[in-house]
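The values are calculated or read from the model by the stated rules, or taken from the named source; none is laboratory data. Computed from a prediction, not measured in an experiment: that's the story for all the values here. Cβ coordinates were reconstructed from backbone atoms using ideal geometry, including for glycine residues, and neighbour counts include every protein chain displayed. Side chains are part of the model used for accessible areas, which takes the heavy atoms of the whole protein and leaves out ligands, DNA and RNA. Shrake-Rupley method; radii C 1.70, N 1.55, O 1.52, S 1.80 Å.
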Amino acid sequence: MGSPSVAIFGLINWDTAFTARIYFIQQVELLAGHILQSYSSNTKIVIRTGQYYCCTYGQIPNFKRMYTRLRNQHFNQYLIDILQKKLGAAYSISVWDVSQIAERRPYAARKEMALACPSNHVRAELVDVENSLLINHLCN
């Protein structure tokens with residue numbers, strides 16, 4: 001069986017929202033081991049950060065979502081650091097940082113994005129930009 005030329009790993013959004021930090025850390029460690037066992041060193045590893053999260057819109061009473069902007073940043077950085085540390089000697093690793101697309105917008109624009117979709121999903125026009133960045137990254 002062949003090996004893929006690219007493997008994209010994007011864990012952050014759901015993990016940040018619903019996973020305890022210690023569990024996330026354990027699972028990232030396991031993931032790194034599985035990557036080493038499952039992918040050839042010719043496979044380019046792309047780490048996709050979590051999408052931007054603003055404020056606390058979409059919070060439902062009795063719904064234990066643990067998602068905050070800083071928690072998202074922390075999980076992003078942890079995933080990047082561990083995969084680069086554990087896999088960097090064996091693989092070409094790059095980061096597809098989709099969080100920065102919205103993060104660098106003025107606060108009013110970020111808040112407007114969150115109000116437009118109470119669950120904090122990124123709007124379609126930003127997903128188009130994210131995908132364009134990925135294609136440019138892979139092709140150049």
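Figures for the structure shown
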{"item": "VAL6 long-range amide H proximity, modeled H, under 5 Å", "result": "LYS44"}
{"item": "Potential extension, ARG21-VAL6 segment - 0.36 nm per residue separation minus Cα distance", "result": "2.6 nm"}
{"item": "Computed lengthening from ILE80 to TRP14, 0.36 nm per intervening residue step minus Cα-Cα distance", "result": "22.1 nm"}
{"item": "Under Karplus coefficients 6.51, -1.76 and 1.60, residue-wise ³J(HN,Hα) of segment 91-98 in Hz, glycine/proline x", "result": "10, 7, 10, 9, 10, 9, 8, 6"}
{"item": "Probe 1.4 Å - accessible area at ILE8, Å² to nearest ten", "result": "80"}
{"item": "Mean Cβ count within 10 Å, highest first, over the residues of peptides 83-96, 100-113", "result": "83-96, 100-113"}
